[in-house]
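None of the figures in this text is laboratory data; all of them are computed from the coordinates on show. No experiment lies behind these values; they were computed from the predicted model shown. Note that we place each Cβ from the backbone using ideal geometry, even for glycine, and neighbour counts take in every protein chain shown.
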Amino acid sequence: MTSDTVWGTGSAAESSGPVGYLALLRQREFAGLYASFSLTAASGTLSGFALGSLVQARTGSPLLTALSMFGSSFAAVAGALTLMSVADGGRPRRTLVALHGLSLVAVAAQAVPGLPLVARFGLLLVVGFFQSLGTGARMGLLAEIVPASGYAPARSLMNLTAGGASVLGFALGGALLAALSPSQVFVLAGVLAALATAVVAATVRERSVRTARRPGLRETWQGNVALLGRPGRRALLLNLWVPNGLVVGCEALLLPYAPASAGLLLAAGSAGMLLGDLVVGRLLDEAGRARWAYPLRLLLAGPFLLLAPRPPVAVAVLAVGVAGVGFAATLPLQERLLALTPDAERGQVQGVESAGRITWQGIGAAVGGALAQVVEPGWAIGLLAALSLVVTVASRRAVRREAAAAAGGVRAGGA
């Protein structure tokens, strides 16, 4: 890819040449969307680690700790089932700014000292419900802001940033909590959330290329039924949701698995994810990404099997870091899904994909926490990793069929 392609502010279809990271960052709207996403990711990492540490200290429960870090995922599916059509509404910028503001309020509320755990979990559910709508609006805007050839590099760059924010957030989270209270860490997370809101409001404009729609429950249900009623799309969504979610369940157990080293383990996983997205999104072309999707899915879960017998910390850190590279398999599967999605449904489809992935992360965390209540956390991690591998292998044939359909869709679109 080259890094000197420049385009205007029209629709994504206006450019078809290769697009690199520097060209993306020269575009004001993408730069603003990217910066706000980066700040949001850093805020979420800090607040999640602070809440998980607080719940672990108060309850000592692996299940509640895992749910505190990833439990908001359960509410995301409710948002996807009821209001996801909002993501394709006529004013996506206004929607995204409002959702950023809501996230800011929730993080600020978590900073209140002595807030009961019930209230904290309630805030998680509220944020989770609207999180899927924010993702749908953001990704719908992304598909309109960048040219078609820039979508994969743009998603790769945003994933890289999320990984980098997670590395810094988890690494700094442990250090900050040694010197600050969880409430003070929540305040820092709130400052980052406020900056994200200001940036997206100042840089992203409303899009005039959308058709008029009346978003609501009926529109959402009709779109979701059409999406899930197609076997090929279901196969893609299954592979985007379930293996990832089960591996996130493994990560949700790292705090009870090794309390003193959890920050290092989580940072290693995020570093691996960053490396995988860099290699897959920047150095491989579309055909290369497609070829590596299945091996990367196996890499995603396989190394976690090593944690079951409790190896030395250095080995565990290396295993989690290598597994993190496997998250890059998400990118080629998302490309296939986008190739099969009409322009008018991009926000909703990508929002549903994200909501399902987030929800399965919550399911993985809940299943992992429940398993760790009855078996040692290391063995619970091994069981989840094995189940992720089974799903990946069993669904391979259906995903390959859909890959061929997606390739046909791309050729037809080019024609």
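Give me Thr203, Thr59 sorted ascending by neighbouring Cβ count inside 10 Å, so fewest comes first. Please list the in-between numbers first.
Values: Thr203 17, Thr59 13.
Lowest count first: Thr59, Thr203.
Ranked by Cβ crowding within 10 angstrom, fewest neighbours first, how are Glu286, Glu206, Glu353, Glu335 ordered?
Details: Glu286 15, Glu206 11, Glu353 27, Glu335 19.
By the 10 Å Cβ count, ascending, the order reads Glu206, Glu286, Glu335, Glu353.
Which order do Trp292, Trp379, Trp360 fall in if you start with the one that has the fewest other Cβ atoms within 10 Å? All intermediate terms of the calculation are to be shown ahead of the outcome.
Numbers: Trp292 19, Trp379 16, Trp360 26.
Fewest-to-most ranking of Trp292, Trp379, Trp360: Trp379, Trp292, Trp360.
Ser183 to Val105: FRET efficiency via 1/(1 + (r/R0)^6), r the Cβ-Cβ distance, R0 25 Å, to the nearest 0.05? Each step should come with its number before you reach the end.
On the way: r = 16 Å, r/R0 = 0.63.
It comes to 0.95.
Quote to one decimal, in nm, the extra length available between Val313 and Ala198 on full extension: 0.36 nm per residue of separation minus the C-alpha distance between them.
On the way: separation 115, 0.36 × 115 = 41.40 nm, distance 4.08 nm.
So the extension gain works out to 37.3 nm.
Given H placed on each backbone N at 1.01 Å, which residues far from Ala308 in sequence or on other chains put an amide H within less than 5 Å of it?
Gly382
List residues of the range 232-247, by number, whose backbone nitrogen lies under 11 Å from a label position 7 Å along Cα→C-beta of Trp379.
Correct set: none at all.
So if we plug the beta-carbon distance of Arg205 and Leu298 into 1/(1 + (r/R0)^6) with R0 = 60 Å, what FRET efficiency do we get, rounded to 0.05? Can you show the working numbers first?
On the way: r = 42 Å, r/R0 = 0.71.
That pair, Arg205 with Leu298, gives E of 0.90.
In sequence order, what are the phi-derived ³J(HN,Hα) couplings for the range 151-157 according to the Karplus relation 6.51 cos²θ - 1.76 cosθ + 1.60 with θ = phi - 60°, rounded to whole Hz, with x for glycine and proline?
For the range 151-157, the Karplus curve yields 5, 4, x, 5, 5, 4, 5 Hz.
Taking 0.36 nm per residue of separation and subtracting the Cα-Cα distance, what length does fully extending Arg401 through Leu168 add? If you can, show how the numbers build up before the last one.
Values: separation 233, 0.36 × 233 = 83.88 nm, distance 3.90 nm.
Separation in residues times 0.36 nm, less the Cα-Cα distance, equals 80.0 nm.
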